[in-house]
Structure formats: structure tokens, C-alpha cells
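Okay, structure first, notes after.
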Amino acid sequence: RDWSSDVCSSDLVLLDDVRANGESWFVARCFDALRREGLAGIVSHADPEARTDADGVTVFVGHIGTVYQALGAVYTGRASPRTMRVCADGRELSNRAASKLRNGERGARYATAQLVAAGAREPAEGEDLAAWYRAEVARITRAQRHHGNHRYVWALSRGAHRDLTRSAVALPYPKLGMFARRS
């Protein structure tokens, strides 16, 4: 199977009452399943940027990828800085959803529904979605500078491990407070 076109995005979320090492046990089972499917490696990101709602209440504290570090991932630095759009409830507006709207791609209806749920007005029948998006995003979100997610890599096969150790520059793991920014 050609996995190069498959991009999965998800968060690792476990309940607080999950026993010790629950995260690493679960991720190890996922790695086993992905190896069986023929995947050679994984790239994962940890988002260290805190987000607040419109009232200034922190709704996401950010993280540095402590579980990824515990699982022996190779830290390769930070992804590109960008400006993200944050909704009133503190959730980030997905750049991928915005792209689907602007380009009229499959999934644009789902992205439209997400914006409407966040407070955007319904687009009129036949309205240009790209123009609607620009106007509504400016109205219902705020810009927040993002300094880049932490990027971690795992090799799942011997060949990928060999390639990773030859080409990737392994950097020291980030630590709590190491990348803190004060407003």
C-alpha cells in the first residue's frame, strides 16, 4: 500500500483515571498495528502554545510531548511558525478546513458547519465561499502567533531507523518552561 498520500491527524487523549503507563502502552499497540500495515515511520507534533477563550480563561495549556519523549521519539525541532485563527471558545480554526473552503474541496460543507457552529452566519445560496470565509473568519476569530509545534519522529522499520539515524538531526528534548513566552 502507498502510505505517502495518507495523512492522519488526531490527538492522543486518555482519561485521568487511566493507569500509569497507559499512554505508552496504547501508543506501543498502535505502533505494532501500523508496522503490520507496512508503515515505516511516524511524525507527530506537540503543540506548546496555550490558548484562551474570549474571556481570557486558559482552555488549552499546551504541551511539549512528554509522552513522545518517554516513548523514545527523535526530536527534530520546531515546525514553521505561523499565525493561527482562534475562535471565541479558544479552539483553533483548522488551516486545512480553511483550505477546503477557499478551494471548494470535498469537505467544504463540514468546514462551513464548523464555522457556523463557532458563530459565523450561514452562507447564502450560491455565495462565494472564499469571500464568505474571509469575512466571517475576520469577524468571529482572533489572530494568535504560533511559534511552531515541536516535531517528533519514530522509525517503525529497520530501514526507516537506518535512514532516520543517517539523515535526521536529533536535538535535545524540550523541557517544561524552556519555550515559555510571556505576553
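The values are calculated or read from the model by the stated rules, or taken from the named source; none is laboratory data. Not measured: the values here are computed from a predicted model. In this analysis, Cβ positions are derived from the backbone assuming ideal geometry, glycine residues included, and neighbour counts consider all displayed protein chains. Surface areas here come from the heavy atoms of the whole protein model, side chains and all, with no ligands, DNA or RNA. Shrake-Rupley method; radii C 1.70, N 1.55, O 1.52, S 1.80 Å.
One table, with the values for the structure above:
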{"item": "Selection from the range 123-150 of residues that are over 30 Å from Ile42 (Cβ atoms), open to solvent by 70 Å² or more (accessible area, probe 1.4 Å) and either part of a strand (DSSP E or B) or in contact with a strand residue (DSSP E or B) (Cβ under 7 Å, 6 or more places away or on another chain) (or both)", "result": "Arg142"}
{"item": "Boolean, Val153 is touching a residue at least 60 places away in the same chain (Cβ under 8 Å), open to solvent by 60 Å² or more (accessible area, probe 1.4 Å) and either over 27 Å from Gly62 (Cα atoms) or not small (Gly, Ala, Ser) (or both)", "result": "no"}
{"item": "Residue list for the range 157-178, restricted to those being modelled with pLDDT under 75 and either closer than 15 Å to Thr76 by Cα or of a type in the set (D, E, K, R) (or both)", "result": "Ala168"}
{"item": "In the range 81-96, residue nearest to Gly56 (Cα to Cα) [restricted to those that are touching a Lys or Arg at 6+ places or on another chain (Cβ under 8 Å) and part of a loop (DSSP other than H, G, I, E, B)]", "result": "Gly90"}
{"item": "Long-range neighbours under 8 Å by Cβ, at least six apart or interchain, first residue under 15 Å from Val116 (Cα atoms) within the range 127-150, second assigned to a strand (DSSP E or B) and open to solvent by 40 Å² or more (accessible area, probe 1.4 Å)", "result": "Val137/Arg85; Thr141/Arg85"}
{"item": "Residue that is surrounded by the most Cβ atoms within 10 Å (Cβ to Cβ) [pool: residues in the range 45-84 that are among the hydroxyl-bearing types (Ser, Thr, Tyr) and under 18 Å from Lys175 (Cβ atoms)]", "result": "Tyr68"}
{"item": "Tally, over the range 39-57, of residues that are more than 18 Å from Asn149 (Cα to Cα) and either in contact (Cβ under 8 Å) with a residue 24 or more places away in the chain or among the acidic types (Asp, Glu) (or both)", "result": "7"}
{"item": "Filter pass, Arg96 being over 28 Å from Asn21 (Cβ atoms), modelled with pLDDT under 90, open to solvent by 80 Å² or more (accessible area, probe 1.4 Å) and under 20 Å from the mean Cα position of the chain (by Cα)", "result": "yes"}
{"item": "Filtered residues of the range 99-122 (kept if assigned to a helix (DSSP H, G or I), touching a residue at least 24 places away in the same chain (Cβ under 8 Å) and open to solvent by less than 80 Å² (accessible area, probe 1.4 Å))", "result": "Leu101, Leu115"}
